[in-house]
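What follows is a single structure, written as structure tokens, with notes after it.
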Amino acid sequence: MRKIALITGATSGIGEGCARRFAAGGYNVIITGRNQSKLDALKAELERDGTQVLTLTFDVRDRKACEAAVAQIPEPWRTIDVLVNNAGLALGLEPEYEGNQDDWETMIDTNIKGLLYMTRLIVPAMVERNHGHVINIGSVAGDAAYAGGNVYCATKAAVKAITDGLRIDVAQTAVRVTNIKPGLVETNFSNVRFHGDNERAANVYKGVKPLTGADIADVAFYAASVPEHVQIAEVLVLATHQANGTVIARK
Ligand code: NDP
Ligand code: 8X3
């Protein structure tokens, strides 16, 4: 029987990569996001290769919408083996004293609260079955703040604490908990961060070969594929010419 992975933010970047990687690795996938047409297109593509796909369209910031979406998962899909909490974003790169407070709230509501809502909804059944894996997409940004990163970095530091806390709370079970902390990954991330300024977004990756969503998906799939007694607790994944959140050797 194929295992089931639920991936949030599967309409783009790392989440889309995870949907493809888990499908290719023999999972059926529940793909979630806000853009129904993108989810439908990905579903059609994955189904052509024999994967069963369920789409759920909702905003992870909306707790009631998360609850309603999870409540509507049909019975055969309810034994979720892997939850990839990926949906997230950065907005802006202003100094904290000039930051846009709406952007702060969006980042906190998505990256922290949305991740918590999904964890709270999915993990009880994993604990009950004594089986499951939560993979949170943190960031190198959670290791140390960088200029203008302030609130985004804080949300990813929170992902680390929340991941570590969950790992403690389920230690008596066989549920595994992983924090993957990517560095520079070329996705829609910087276009979103700079509110659609594509030129500024492209500059983020200038002179360095960045990671791809597929690279991070490979790491997530590996973490889910190791023997049951092995728990990949945390992985920092950087581009080869990136040393940490601030040091990047560009050509
Ligand atoms: P993308 O912008 O390409 O993808 C983000 C995904 O999250 C999209 O599917 C987006 O959907 C979804 N999403 C955002 N907000 C919500 C919401 N409120 N409800 C539901 N879905 C939402 O960026 P990435 O793939 O790069 O980002 C994925 C994760 O990886 C994020 O948590 C990010 O912080 C993290 N990360 C990214 C790095 C990078 O350099 N790219 C490095 C380290 C971590 P929609 O199209 O509807 O907005
Ligand atoms: C995304 C990586 O360095 O832009 O989390 O914050 S970074």
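Summary of values
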item: Karplus 3J(HN,Hα) series, Hz, for segment 218-223 with 6.51 cos²θ - 1.76 cosθ + 1.60 (x for Gly, Pro); result: 4, 5, 4, 5, 4, 4
item: Set Lys181/Lys206; Lys160/Lys206; Lys43/Lys113; Lys113/Lys160; Lys181/Lys209 screened for pairs whose C-alpha atoms are more than 23 Å apart; result: Lys160/Lys206; Lys43/Lys113
item: Electrostatic dipole magnitude of segment 116-251 [Cβ: Lys, Arg +1; Asp, Glu -1; Cα centre; debye, to 20]; result: 300
item: Sites matching GluC sites (Glu not before Pro) across segment 148-251 that sit in DSSP coil, with at most 10 neighbouring C-beta atoms within 10 Å; result: Glu228
item: Relative contact order for the chain, counting Cα pairs under 8 Å that sit 6 or more residues apart, in percent; result: 20
item: Relative contact order of segment 57-118, pairs being alpha-carbon contacts under 8 Å that are 6 or more residues apart, as %; result: 45
item: Assigned charges on the beta-carbon of Lys, Arg, Asp, Glu; segment 131-182 dipole about Cα centre (debye); result: 80
item: For the chain: accessible area per residue (Å², 1.4 Å); result: 47
item: Residue (of Ala5, Thr163, Leu93) at the positive-pole extreme of the chain, dipole from beta-carbon charges; result: Ala5
item: Spatial separation of Cα centroids for segment 165-201 and segment 211-247, in angstrom; result: 11
item: Nearest-0.05 FRET efficiency for Asn130 and Glu105, computed from C-beta distance (R0 30 Å); result: 0.20
item: Solvent-accessible surface (1.4 angstrom probe) belonging to Thr119, in square angstrom, nearest 10; result: 20
item: Heavy atoms of Tyr117: accessible area, 1.4 Å probe, square angstrom to 10; result: 40
item: List Trp104, Trp77, ordered by accessible area with a 1.4 Å probe, largest first; result: Trp104, Trp77
item: Residue among Cys153, Phe221, Val70 farthest towards the positive dipole end of segment 4-237, charges placed on Cβ; result: Phe221
item: His131, His241, reordered so the largest accessible area comes first (probe 1.4 Å); result: His241, His131
item: Magnitude of the charge dipole, the chain, Cβ model with Lys/Arg +1 and Asp/Glu -1, debye to 20; result: 480
item: Expected 222 nm ellipticity per residue - DSSP helices of 4 or more, -39500 (n - 2.57), all of the chain, to 500; result: -12000 deg cm²/dmol
item: At most 14 other Cβ within 10 Å, DSSP loop - trypsin sites (Lys or Arg not before Pro), segment 62-148; result: Arg78
item: Extended-chain gain in nm, criterion 0.36 nm per residue less alpha-carbon gap, Gln36 and Trp77; result: 12.8 nm
item: Between helix 115-129 and the chain: long-axis angle, C-alpha atoms, 0 to 90°, nearest 10; result: 30
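The values are calculated or read from the model by the stated rules, or taken from the named source; none is laboratory data. Because the structure is a prediction, the values reported are computed rather than measured. Please note: Cβ atoms are built from the backbone with ideal geometry, for glycine as well, and neighbour counts cover all protein chains shown. These accessible areas exclude ligands, DNA and RNA; they are computed on the full protein's heavy atoms, side chains included. Shrake-Rupley method; radii C 1.70, N 1.55, O 1.52, S 1.80 Å.
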